[in-house]
Amino acid sequence: MTKKQVFQFRDAPREMPSRIPLQLRLNGDWGELYGRFAEVEAKKQAGRCLDCGNPYCGWACPLHNYIPQWLELAREGRLHEAASLCHETNPLPEVCGRVCPQDRLCEGSCTLNDGFGAVTIGAVEKYIVDNALADGWRPDLSTVKATGHRVAIVGAGPAGLSCADRLARAGIQAVVFDRYEAIGGLLHFGIPSFKLEKSVMVKRREVLEGMGVQFRLGVEIGRDISLDALTAEFDAVFLGLGSYRYTDGGLPGQDLRNVLPALPFLVQNGRVVQGDGDNLRSAPIAGWEDQLELPDLRGKRVVVLGGGDTGMDCVRSAVRMGAAQVRCVYRRDEANMPGSAREVANAREEGVEFLFNRQPLELLGDGTTVNAVRVAETRLGPPDARGRQRAEAIEGSESVLDADVVIIAFGFQPDPPAWLAQQGIELADNGRIKVLATSGNCATKRKAAVGLPYQTTNPKVFAGGDAVRGADLVVTAAFEGREAAAGIVALLSERAPVAVQNNSPLAKVG
Ligand code: SF4
């Protein structure tokens, strides 16, 4: 092991892993854009960490990861120990290393970001966990004692998987139900493969099953089994329902042909890319009533409305699908754009044109199919209720953008199922599931008096992720799943396990 050079950051510049060459991407290569560090590169990049004493990176990470510590273990080549430490706080580290907007989180707060280039925290996190898993490392549960409790988790997205991981580490049997046939939720179906290879979730499923987590996939609560049955048969239930209903913006003309909501567009395209074939271009998508026929984008002019990470996934997908022109319309300026700066830079490199300070007013067409978007230029006015400056349309600034396909990526809202109310689970006015406390030390008396973290108005049911906080990052959903699991552990520590019923309705779902 080489001795740490404190000023290594001066000699070794920040470097990301190599990327798939631009021409291949333009020719439709869907492989993960960033490759993996070789050992020598990973050690060099990890060794750039200053260990500055007050790790702002860890505070900026929603999971409060022990970043300087696992960077040092990686520098020393102690990968298994580094992987164990990564998992102490993060149930999905190889996923977060790939999809977190690090420039807004850990790396944005790195001391070296001020002039020297932040440590490549996400890429080292991915290196540690990918290599440790490939090398046979698995979470060590050898000292965990089974409590006899069983918890049903509804939703195999990041919140649900995170909760399952923590419960398994506490000796609680987690059984995860999901309406899809693969785990991951939007990690599998929504995030394009150039950001997250699908094999990552396959490996994570293997890891979780090795920890004793059980999956019941292709099972929809409310259709195949009721929430009542889950609350009767399990000691507690966690709801990680996600947030799938898209915000359409109510634009005139949004019902025209070739106006597509972002998420079904990404899901349908993901199925085609994963080799399921062109026959899935119009196949039904579980959870969406409206059928979406995925158009052939080759040679088309595509306009994406919205500047968040989903919008970036759409523009970069459209490039790989062969669109002749891809433009992104966003109503605020670049500094106020919610999408990750790294994603914007990648999109620009791939030829995407950004039209900032433009507000869509109307989608125009020939009566059947969209052919243009009418937009107005905007200026930024006073802040709104969330503190973000409002975009105000400038009178007389209207123009028309030609478009063969328009993708609407304005964001998502919770879509709470009716069966929540039957179990006394209350919603907030905005449709999100109400929880009694959001995080912190669930052992404190104050928290216990109010309610446990992420406990809903039904004491046996917990919830977290986008259905509670609104559409947000994978890492924040993982955080909430982790914290909810702590709440469940606290609840069950005072209760005997429920007896398994004879003639259980769960028998029919495996
Ligand atoms: Fe950074 Fe995300 Fe990893 Fe936290 S989980 S260290 S924010 S990449």
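The values are calculated or read from the model by the stated rules, or taken from the named source; none is laboratory data. Being a predicted model, the structure only gives us computed values, none of them experimental. Neighbour counts run over all protein chains shown; Cβ positions are idealised from the backbone, glycine included. With ligands, DNA and RNA removed, areas are computed over all heavy atoms of the protein, side chains included. Shrake-Rupley method; radii C 1.70, N 1.55, O 1.52, S 1.80 Å.
Of the helices (runs of 4 or more DSSP H) lying entirely inside region 183-249, those containing at least 2 residues that are more than 16 Å from the chain's Cα centre (by Cα) are 198-210, 227-233. For region 17-26, residues that are open to solvent by less than 50 Å² (accessible area, probe 1.4 Å) and assigned to a helix (DSSP H, G or I) total 1.
Among the residues of region 36-48, which ones are assigned to a helix (DSSP H, G or I), within 16 Å of the ligand (Cβ to nearest atom) and closer than 20 Å to TRP137 by Cβ? Those that are assigned to a helix (DSSP H, G or I), within 16 Å of the ligand (Cβ to nearest atom) and closer than 20 Å to TRP137 by Cβ: ALA42, ALA46. When TRP137 is tested against (1) away from the ligand (no atom under 12 Å from the Cβ); (2) in a helix (DSSP H, G or I); (3) farther than 23 Å from GLU483 by Cα, just one condition goes unmet, and that condition is (2). Here VAL151 fits the description: touching a residue at least 60 places away in the same chain (Cβ under 8 Å), crowded, with 20+ Cβ neighbours inside 10 Å and over 13 Å from the mean Cα position of the chain (by Cα).
Once region 358-387 is narrowed to residues that are over 12 Å from LEU251 (Cβ atoms) and of a type in the set (S, T, N, Q), the residue that is least open to solvent (accessible area, probe 1.4 Å) is THR378. Screening ALA134 against (1) surrounded by fewer than 24 Cβ atoms within 10 Å (Cβ to Cβ); (2) in contact (Cβ under 8 Å) with a residue 12 or more places away in the chain leaves a single unmet condition, (2). Within region 27-35, at least one residue is assigned to a strand (DSSP E or B), under 30 Å from ALA318 (Cβ atoms) and at pLDDT 95 or above. Listed conditions (1) open to solvent by less than 20 Å² (accessible area, probe 1.4 Å); (2) at pLDDT below 95; (3) in contact with a Lys or Arg (Cβ under 8 Å, 6 or more places away or on another chain); (4) closer than 21 Å to PRO264 by Cβ are all met by GLU293, apart from (1). A Cβ distance below 6 Å, combined with a sequence gap of six or more or placement on separate chains, defines the contacts here; from region 29-54, residues that are touching a residue at least 24 places away in the same chain (Cβ under 8 Å) and more than 26 Å from GLN5 (Cβ to Cβ) reach residues that are open to solvent by 50 Å² or more (accessible area, probe 1.4 Å) and not in a helix (DSSP H, G or I) in the pairs GLU32/GLU197; LEU33/ARG19.
Does region 53-68 include one or more residues that are surrounded by 16 or more Cβ atoms within 10 Å (Cβ to Cβ), modelled with pLDDT of 95 or more and among the β-branched types (Val, Ile, Thr)?
yes
When region 106-119 is filtered for residues that are assigned to a loop (DSSP other than H, G, I, E, B) and buried (at least 24 other Cβ atoms within 10 Å of the Cβ), the ones remaining, listed by number, are CYS106, CYS110, VAL119. Within region 262-278, the presence of a residue that is part of a strand (DSSP E or B), of a type outside the set (Asp, Glu) and either in contact with a strand residue (DSSP E or B) (Cβ under 7 Å, 6 or more places away or on another chain) or within 30 Å of SER199 (Cβ to Cβ) (or both) is excluded. Of the residues making up region 465-482, those that are in contact (Cβ under 8 Å) with a residue 24 or more places away in the chain and of a type in the set (Asp, Glu) are ASP466, GLU480. Selection of region 327-385 for residues being charged (D, E, K, R) and within 27 Å of VAL99 (Cβ to Cβ) yields ARG327, ARG331, ARG332, ASP333, GLU334, ARG342, GLU343, ARG348, GLU349, GLU350, GLU353.
Summed over region 49-77, residues that are within 17 Å of ALA123 (Cβ to Cβ), in a loop (DSSP other than H, G, I, E, B) and away from the ligand (no atom under 15 Å from the Cβ) total 1. Somewhere in region 154-164, is a residue in the same structural domain as HIS188 (by TED's automatic domain parsing), among the aliphatic types (A, V, I, L, M), over 23 Å from SER199 (Cβ atoms) and away from the ligand (no atom under 15 Å from the Cβ)? Looking through region 154-164, at least one residue is in the same structural domain as HIS188 (by TED's automatic domain parsing), among the aliphatic types (A, V, I, L, M), over 23 Å from SER199 (Cβ atoms) and away from the ligand (no atom under 15 Å from the Cβ). From the list THR89, THR120, which residue is more than 28 Å from ARG169 (Cβ to Cβ) and within 16 Å of the ligand (Cβ to nearest atom)? Matching residue, one of THR89, THR120: THR120.
Looking only at residues in region 452-476 that are within 23 Å of GLN422 (Cβ to Cβ) and in a helix (DSSP H, G or I), the one that is least open to solvent (accessible area, probe 1.4 Å) is ALA467. Between HIS80, HIS87, the distinction of being open to solvent by less than 10 Å² (accessible area, probe 1.4 Å) and in a helix (DSSP H, G or I) belongs to HIS87 only.
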